[in-house]
Amino acid sequence: MTAVAQTSDRTPAERSAPGWLVVLHQELHDLWLGGRGLVLSFAFSLLVGIIAYLVATNTDLNFLEQRESTSLTLQVAIAVGGLLTLLVAADAVSGERERGTLETLLLTPASRRELASGKLLAALSLWFAAFVITVPYVWFLGHGVGIVDEALVAGLAVGTLVAVFLASLGLLVSCFAASNRVSLSLSLFVLLAFLAPTQLPAGAQQAWAGDLLLRVNPLTAGERYVSKIVVNGHNWSEDISWLLSPVIGAVVFATAAVLVGGRYIRLRGGVSG
Amino acid sequence: MTRHRALGLALVAAVVGVLLAPTATAAGTENVAVTVAPERISTKLGGKFAFISTITNKGGTDARGLIAHLNVLSLRDGTYVDPEDWSTNRTRYLDPLVPGGSTTITWRMQAVNDGDFGIYVAVLPESGAPVPPVTSPTIHLDVAERKTLNAGGIVPLVLGIPAALGLLALGVRIRRRG
């Protein structure tokens, strides 16, 4: 983020705005007008489009009931949308360090917490873009069985919680990581670890240990909730306990990223830095 | 002699008690009748529906400790049915039924798969006694319309959205260079 350092370029409105808002504005400018957000969104739309096309046309997958097709596409969108926010957040601080722009950023009047907040919110914008891209696919797959509204509301709620959780995690890692490569690798590894329980056989998922693992993991718990709403047609409150870990994960990690991570936005990476 | 008679009476009473005990337990299900209404239900995939079951005690003593359990299965091979998805409240613990008394249960369900299905209610004793459960007649459930997607309709979306985003990204890139 280079523009925030150019305080003389800021308009009077920007000068009076809170620091986090200025940081957010500049981060959004860099992310979207810099082209990175659009390229990631393009890749996301390709992936979700391929998934939607496959569930709609492939004969091997056509056994899927329409609700399941909608749920599958929505769950992919949530997972990949979360991945995008994780990638951007994991680059937020360590990337600035390596590009040599962190020093000027630290010289701005914005506090460390405001820097962390602004970067976190900017990373979340990718999820909201991903969600907007997903809407037409969900409409196409779900309108025949009248589940578009439920699917979109559940997807937005769960996807936002998952995105906040992953973006906060990525930002924390980025604050502490010694290099950008470490930050990105570690973040991706953690994401894969969170996705691993989805590969458990059905029997293991139904056992108490498997069930517990799915419930404490914000990703799997959130996606299970979406499935309950979209596929099983349950009402919102029936399986609300599945939202416990996504809510806790989002709140705890977002707080930690802003309060703790912000303190570690330093010129040198690493815990001891 | 009196002691022997008393002992004999006690033995007879014990034997009679033992012999009657299973009968008393079995009376919990043997004298129970289960009926359901309606006999046939037609709905659409995802449709919510309900039916009632009536459990009647036809015996001369109270029927206690009964459990009614709902089950659903596909009448055609090849359809996987998870009853938990169809109803979230499939087991009901019944209050004691007086002789001639009955209780009515409303079962609410949702059609999760399409096809032909059988639904029935079984009543069994909570004692776990090895007696056959009493089952209701089968309700024939017909879930219509397995919707398949018009695959051709998604092509414009699959091509159009990435194309629009790609053009937007290209435009931003050109504008930045300009």
* Please enumerate the residues belonging to region A:142-194 that are in a helix (DSSP H, G or I) and within 14 Å of another protein chain (Cβ to nearest Cβ). => A:G142, A:H143, A:G144, A:V145, A:V148, A:D149, A:E150, A:A151
* **Failed item in (1) buried (at least 22 other Cβ atoms within 10 Å of the Cβ); (2) more than 10 Å from chain B (Cβ to nearest Cβ); (3) hydroxyl-bearing (S, T, Y), with A:S45 passing the rest** => (2)
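When only residues in region A:65-74 that are out of contact with any Lys or Arg (no Cβ under 9 Å at 6 or more places or on another chain) and at the interface with chain B (Cβ under 9 Å from one of its Cβ atoms) count, which is modelled with the highest pLDDT?
So, considering only residues that are out of contact with any Lys or Arg (no Cβ under 9 Å at 6 or more places or on another chain) and at the interface with chain B (Cβ under 9 Å from one of its Cβ atoms), the one modelled with the highest pLDDT is A:S69.
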* **Filtered residues of region B:103-135 (kept if within 12 Å of the chain's Cα centre (by Cα), more than 14 Å from every other protein chain (Cβ to nearest Cβ) and either hydroxyl-bearing (S, T, Y) or surrounded by fewer than 21 Cβ atoms within 10 Å (Cβ to Cβ) (or both))** => B:I105, B:T106, B:G118, B:Y120, B:A122, B:T135
* **Options A:L214, A:L243; residue that is in contact with a Pro (Cβ under 8 Å, 6 or more places away or on another chain), surrounded by 15 or more Cβ atoms within 10 Å (Cβ to Cβ) and either under 20 Å from A:T73 (Cα atoms) or more than 14 Å from chain B (Cβ to nearest Cβ) (or both)** => A:L214
* Structure fact -> Counted residues in region A:116-132 being under 19 Å from B:V158 (Cα atoms) and either surrounded by 23 or more Cβ atoms within 10 Å (Cβ to Cβ) or hydroxyl-bearing (S, T, Y) (or both) come to 1
* Asked: Considering region A:48-64 alone, what residues qualify as being modelled with pLDDT under 90, more than 9 Å from chain B (Cβ to nearest Cβ) and either in a helix (DSSP H, G or I) or surrounded by 22 or more Cβ atoms within 10 Å (Cβ to Cβ) (or both)?
  -> A:L54
* To do: Return a yes/no flag: does region A:197-206 have any residue that is surrounded by 14 or more Cβ atoms within 10 Å (Cβ to Cβ), modelled with pLDDT under 90, within 23 Å of the chain's Cα centre (by Cα) and under 17 Å from A:A79 (Cα atoms).
  => yes
* To do: Name every residue in region B:162-178 that is more than 8 Å from chain A (Cβ to nearest Cβ) and either within 22 Å of A:P136 (Cβ to Cβ) or among the small types (G, A, S) (or both), in order of residue number.
  => B:A163, B:A164, B:L167, B:L170, B:G171, B:G178
* Identify all residues within region A:107-141 that are in a helix (DSSP H, G or I), more than 20 Å from the chain's Cα centre (by Cα) and more than 21 Å from A:G49 (Cβ to Cβ); write none if there are none. => A:R112
* To do: Kindly provide the set of residues from region B:30-58 that are in contact with a Gly (Cβ under 9 Å, 6 or more places away or on another chain) and either closer than 25 Å to A:R67 by Cβ or within 14 Å of another protein chain (Cβ to nearest Cβ) (or both), ordered by number.
  => B:G46, B:K48
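The values are calculated or read from the model by the stated rules, or taken from the named source; none is laboratory data. Every value quoted in this text rests on a predicted model; they were computed, and no experiment measured them. Don't worry about glycine lacking a Cβ; one is built from the backbone with ideal geometry, like all the others, and counts go over all protein chains shown.
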